[in-house]
Amino acid sequence: MIVVGIPSYNNVETIRKVAEIAARGIEKYFKGSGVIVNSDGGSSDGTRKAFMSADTGSVKKESFEYEGIPGKGSAMRAIFEYAKKHDADAIVFLDSDLRSVEPWWIDRLVGPIISDDSDYVTPYYTRHKYDGTITNHICYPMTSTLYGKKVRQPIGGDFGVGRRAYELYLSKPKDVWGTNVARFGIDIWMTTTVIASGLRVLQAALGAKVHDVKDPGKHLSPMFVQVVSILFSLMVEYENVWKSVDEIVNVPVVGESSNAEPEEIRVDLENLKEKAKAVKNVEFLDDKIVKLVKKYGEISQDDWIEVVQSFAVAFRDDRAEVEDMIPFYFARVASFVKETEHMSSVEAERIIEDQLRKFFEKKGDLIKRW
């Protein structure tokens with residue numbers, strides 16, 4: 001049996017369709033042997049009612065409000081526990097705001113687990129060049145550099161999780177759920193924990209991702225703090241793993257990738273630059289970097305890597321707050337937007353890959369500083 005888990009909070013407009021398409025995937029690819037579970041954070045807009053009104057045919061569905069810190073991680077923990085209680089073979093997690101989900105996503109995300117080719121499957125999307133800025137500029141290059149597995153979407157939102165993986169998560173100390181893992185830190189925690197523990201990982205080509213996108217300068221500050229604080233915490237936990245990794249290997253992609261241009265996303269560049277200029281002086285950073293950001297609201301790839309490495313080490317030593325990184329993140333996104341303004345998303349991907357290469361080239365510097 002598989003479990004399709006849909007965490008939600010005020011997603012009344014989209015969750016019904018996600019549930020109905022998930023049911024079609026279960027029926028077509030797994031002979032109806034599955035259940036769809038909605039783990040809700042106390043929505044006030046009728047999300048749970050919309051979910052339960054979905055036409056899922058013979059596929060069973062359940063909805064409940066999870067317990068714990070409000071956040072995506074708490075919702076997903078409840079689904080891990082549900083899967084274990086019902087002896088599920090695997091879980092497929094789908095974001096509740098998806099508009100591009102198709103029935104075959106279910107097979108792509110969980111098929112390799114059922115066939116015992118993988119323990120964990122990450123999504124491999126075609127995304128707009130300005131979607132996934134936290135992924136593109138820190139999670140993708142850092143995860144690949146540190147742990148040597150080139151996973152393009154380590155915090156993609158839609159995952160296949162096998163029994164070995166979800167039991168590993170549930171075996172961790174319960175106090176982890178009192179951290180930002182209970183919020184948006186869950187995805188980077190899941191991906192890193194699996195890779196660092198030696199479980200098998202694959203990527204699933206899912207085409208274009210269409211969902212409720214957010215402007216980095218207006219909506220993503222809390223998510224940035226939650227994700228990056230967990231990324232840095234995991235560097236401490238797994239330092240004996242990542243310090244010995246000296247290459248990056250490609251993680252196989254299941255299915256055909258797409259080069260289709262995704263939906264247009266507009267970013268308020270001037271707002272990003274103005275917020276970046278509000279950067280504070282940081283004692284462990286070169287003053288030249290701070291002054292350049294204050295003046296222009298932009299930052300080069302090399303200086304951005306210096307910022308990330310410096311904050312990682314200072315965070316370990318309790319000398320830094322991730323909140324103080326936010327203006328630098330805005331500056332990096334602003335620079336990327338300016339540089340890729342006239343590029344397609346496929347062309348802009350080359351800039352992201354070049355940044356990853358530079359992160360890896362400077363890994364030796366990080367190890368020395370660590």
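The values are calculated or read from the model by the stated rules, or taken from the named source; none is laboratory data. Treat the numbers as computed from the prediction; the structure is a model and nothing was measured. In this analysis, Cβ positions are derived from the backbone assuming ideal geometry, glycine residues included, and neighbour counts consider all displayed protein chains.
Residue by residue, here is whether (1) in contact (Cβ under 8 Å) with a residue 60 or more places away in the chain; (2) within 21 Å of F30 (Cβ to Cβ) holds:
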residue	(1), (2)
G68	yes, no
G73	yes, no
E81	yes, no
K85	no, yes
D89	yes, yes
R99	yes, no
D107	yes, yes
T133	yes, no
For K49, indicate whether it is part of a strand (DSSP E or B) and either at pLDDT below 95 or more than 23 Å from D187 (Cα to Cα) (or both). no
Number of the exception - F184 against (1) in contact with a strand residue (DSSP E or B) (Cβ under 9 Å, 6 or more places away or on another chain); (2) buried (at least 19 other Cβ atoms within 10 Å of the Cβ); (3) not in a helix (DSSP H, G or I): (1)
Yes or no: region 327-345 includes at least one residue that is at pLDDT 95 or above, assigned to a helix (DSSP H, G or I) and more than 23 Å from K275 (Cβ to Cβ). no
Does at least one position in region 269-283 carry a residue that is surrounded by fewer than 21 Cβ atoms within 10 Å (Cβ to Cβ), under 24 Å from the mean Cα position of the chain (by Cα) and not polar (S, T, N, Q)? yes
Would you call E247 in a loop (DSSP other than H, G, I, E, B), within 30 Å of L109 (Cα to Cα) and not assigned by TED's automatic domain parsing to the domain that holds W104? no
Would you call K214 surrounded by fewer than 24 Cβ atoms within 10 Å (Cβ to Cβ), assigned to a helix (DSSP H, G or I), at pLDDT below 95 and not hydroxyl-bearing (S, T, Y)? no
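For (1) within 17 Å of the chain's Cα centre (by Cα); (2) touching a residue at least 40 places away in the same chain (Cβ under 8 Å), each residue gets a yes or a no:
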residue	(1), (2)
Y147	yes, yes
R164	no, yes
Y169	yes, yes
K174	no, no
G178	no, yes
R183	yes, yes
I186	yes, yes
Enumeration of residues in region 266-301 that are modelled with pLDDT of 95 or more, acidic (D, E) and not in a helix (DSSP H, G or I): E298
I79 more than 28 Å from E256 (Cβ to Cβ) and surrounded by fewer than 22 Cβ atoms within 10 Å (Cβ to Cβ): no
Specify the residue that is nearest to the chain's Cα centre (by Cα); the eligible residues are those in region 355-370 that are within 10 Å of Q309 (Cα to Cα) and part of a helix (DSSP H, G or I). F359
Tell me, which residue of region 147-181 that is assigned to a loop (DSSP other than H, G, I, E, B) and of a type in the set (S, T, N, Q) is nearest to V254 (Cα to Cα)? Q153
Residue pairs, Cβ under 6 Å, 6 or more apart or interchain, first in region 315-327 and closer than 18 Å to Y296 by Cα, second outside any helix (DSSP H, G or I) and not hydrophobic (A, V, I, L, M, F, W, C). List them. D324/K280
Exactly one of S43, S96 is in a loop (DSSP other than H, G, I, E, B), surrounded by fewer than 22 Cβ atoms within 10 Å (Cβ to Cβ) and at negative phi, and that one is S43
Per the filter on region 21-35, residues out of contact with any strand residue (DSSP E or B) (no Cβ under 9 Å at 6 or more places or on another chain), part of a helix (DSSP H, G or I) and of a type in the set (D, E, K, R) are R24, K28
